[in-house]
Amino acid sequence: MKKHSKTIVLFLSLLLMSCQEEGVLTQRRPVGADLTPNALLRYQANFTTTDFISGAGKVAIYLDEGRYKLKLVDYTIQEGPDLKVYLSQSDVPNNFINLGNLEPSQIYLIPENVSFSTYNYVLIHCQQYNHLFAHGQLIPQP
Amino acid sequence: MRVYLIVICFVCCVFNLKAQGCSDAGVCTVNSLNSKEEDIFKNTLAYSVSYGKGEADVFYVAHFLAYTKQWNPQLSFTAKVTLSTAKGSFGTRTQFGDAFLVGNYLFKTKKKSQWGTILGLKFPFTASNLKINGYSLPLDYQSSLGTIDGFFGGNWRYKNWNVEGIVQVPFVNLNKNSYFSEYSGTTDFPSTNLFQRQPDALLKVGYRYTITPQKFSLNPSLLAVYHLGEDSYTNIFNQQVALEGSSGLTVNGVINGVYSFQKNQQIEFTLATPFAVRDVRPDGLTRSLVVALQYNYSF
């Protein structure tokens with residue numbers, strides 16, 4: 001009987017483990033926005049990575065059809081789990097606006113009425129493990 | 001024995017079944033593992049597969065594997081592991097859900113009346129932040145709520161009536177969900193970024209009809225789950241916001257049938273549907289229908 005029970009447990013365990021699956025995303029990926037040819041560059045920042053994080057990148061903020069939009073430029077900072085793009089009041093994630101998951105090719109639509117004199121940093125932050133990957137201070141463009 | 005298992009597994013694969021519960025966070029199925037004083041076997045293995053219809057177009061196939069050790073006629077312990085697949089317009093996500101450790105103690109029967117107690121813990125296998133291709137998913141697609149829960153309760157059996165009351169309290173929140181409805185392109189599911197869940201209180205009243213003595217019984221029951229507070233999440237401005245309407249009562253109708261085809265082997269089927277649900281259901285636990293099949297093997 002004990003022999004039977006071990007076989008059953010092994011069989012069912014294998015059955016359960018074989019079932020783990022990350023399928024294919026079938027929802028339309030909601031790309032934040034597009035940039036029109038009339039978009040004006042208003043702010044820019046160079047990312048500084050934190051300890052043990054490699055890579056580089058820039059961020060550009062455009063005013064486009066009355067809305068501010070954020071774009072990552074030449075972004076090569078190393079990947080990590082659960083990375084987010086924050087618009088922050090400082091170079092640490094205390095007071096910030098979460099713009100969503102990091103997707104280097106995405107154009108991020110910034111919420112209305114955000115003051116860049118207050119939110120003057122862009123952060124790349126791992127939310128799940130609360131680890132800052134990079135920060136950059138926004139500099140107004142002429 | 002193996003033939004029965006193969007048949008069950010074949011059915012599971014062919015129909016791609018899965019399920020999770022009936023508007024609760026796990027205790028709904030735990031108490032079905034309660035031992036009975038007349039049980040004579042020391043060990044029981046149970047495997048369950050169920051199909052559930054959730055919010056929007058999401059449906060579920062859930063499995064659990066449980067082992068119960070009967071130390072004596074009064075005391076038993078159960079360990080249970082769940083696995084769930086959610087499928088909907090976001091895609092398909094399968095993952096282990098939670099591990100349960102449950103202790104049951106039954107007092108001696110007196111005048112056809114018996115009391116019992118239940119005490120347990122639930123440990124999540126995930127932080128409730130499963131994604132598909134880097135895309136954050138709502139809790140409806142997560143296999144666990146990402147909380148360590150404790151639950152305790154009591155059970156009273158009188159003749160064929162059975163009443164159970166259980167409180168489930170999340171006391172460690174490991175939930176790291178990062179779903180924002182405003183970034184998702186759909187309003188089917190509320191934002192649940194860094195979700196914080198409140199406790200539940202569960203009351204179940206059932207009656208056991210014996211159709212064929214020692215063979216087949218039917219157990220219809222009413223299951224009420226009261227969510228004891230508003231859940232909350234962290235919005236895009238890093239502020240914690242209550243999800244208004246997420247507290248309140250869910251009432252389910254459950255019918256459970258048990259067929260013993262050998263002294264040590266049983267098949268159970270369960271059909272459950274809610275009659276009343278909360279206004280807002282961010283936890284993704286609500287099912288409009290659950291159909292479950294369970295096999296018990298004692299030795």
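The values are calculated or read from the model by the stated rules, or taken from the named source; none is laboratory data. Remember, predicted model here, so these are calculated numbers, not experimental data. Using ideal geometry, Cβ is built from the backbone for each residue, glycine included, and neighbour counts are taken over all protein chains shown.
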Inside segment A:45-61, the number of residues satisfying the requirement of being closer than 19 Å to A:ASN113 by Cα and at pLDDT below 95 is 0
Being among the hydroxyl-bearing types (Ser, Thr, Tyr) and in contact (Cβ under 8 Å) with a residue 60 or more places away in the chain is the filter here, so list the residues in segment A:36-51 that pass it.
-> A:TYR43, A:THR48, A:THR49, A:THR50
(1) farther than 21 Å from B:LEU194 by Cα; (2) in contact (Cβ under 8 Å) with a residue 60 or more places away in the chain; (3) buried (at least 19 other Cβ atoms within 10 Å of the Cβ); (4) of a type in the set (A, V, I, L, M, F, W, C) all hold for A:ILE107 apart from (3)
How about segment B:228-264: which of its residues are part of a strand (DSSP E or B) and over 30 Å from B:THR212 (Cβ atoms)?
-> B:SER232, B:TYR233, B:THR234, B:GLN240, B:VAL241, B:ALA242, B:GLY248, B:LEU249, B:THR250, B:VAL251
Leading residue by the ranking (surrounded by the fewest Cβ atoms within 10 Å (Cβ to Cβ)) among those in segment B:178-198 that are within 12 Å of chain A (Cβ to nearest Cβ) and more than 21 Å from A:GLN106 (Cβ to Cβ) = B:ASP188
How about segment A:110-142: which of its residues are crowded, with 20+ Cβ neighbours inside 10 Å and in contact with a Lys or Arg (Cβ under 6 Å, 6 or more places away or on another chain)?
-> A:HIS125, A:GLN127
In segment B:109-150, residues that are within 14 Å of chain A (Cβ to nearest Cβ) and basic (Lys, Arg) total 1
A:GLN78 meets each of (1) in contact with a Phe, Trp or Tyr (Cβ under 9 Å, 6 or more places away or on another chain); (2) without any contact (Cβ under 8 Å) to a residue 60 or more places away in the chain; (3) closer than 23 Å to B:PHE195 by Cβ with one exception, condition (3)
Selection within segment A:69-104 - within 10 Å of another protein chain (Cβ to nearest Cβ) and under 18 Å from A:ASP34 (Cα atoms) = A:LEU99, A:GLY100, A:ASN101, A:LEU102, A:GLU103
Restricting the search to segment B:255-299, which residues are within 14 Å of chain A (Cβ to nearest Cβ), more than 15 Å from the chain's Cα centre (by Cα) and crowded, with 20+ Cβ neighbours inside 10 Å?
-> B:ASN296, B:TYR297
Can you name the number of the only condition in (1) surrounded by 15 or more Cβ atoms within 10 Å (Cβ to Cβ); (2) in a loop (DSSP other than H, G, I, E, B) that B:VAL225 fails?
-> (2)
Out of the residues in segment B:234-254 that are surrounded by 18 or more Cβ atoms within 10 Å (Cβ to Cβ) and either of a type in the set (Phe, Trp, Tyr) or within 14 Å of chain A (Cβ to nearest Cβ) (or both), which is nearest to A:LEU99 (Cα to Cα)?
-> B:ILE236
Tally of residues being within 22 Å of B:ASN43 (Cα to Cα) and crowded, with 19+ Cβ neighbours inside 10 Å across segment B:84-111 | 5
Among the residues of segment B:40-99, the number that are outside any strand (DSSP E or B), among the aromatic types (Phe, Trp, Tyr) and without any contact (Cβ under 8 Å) to a residue 60 or more places away in the chain is 2
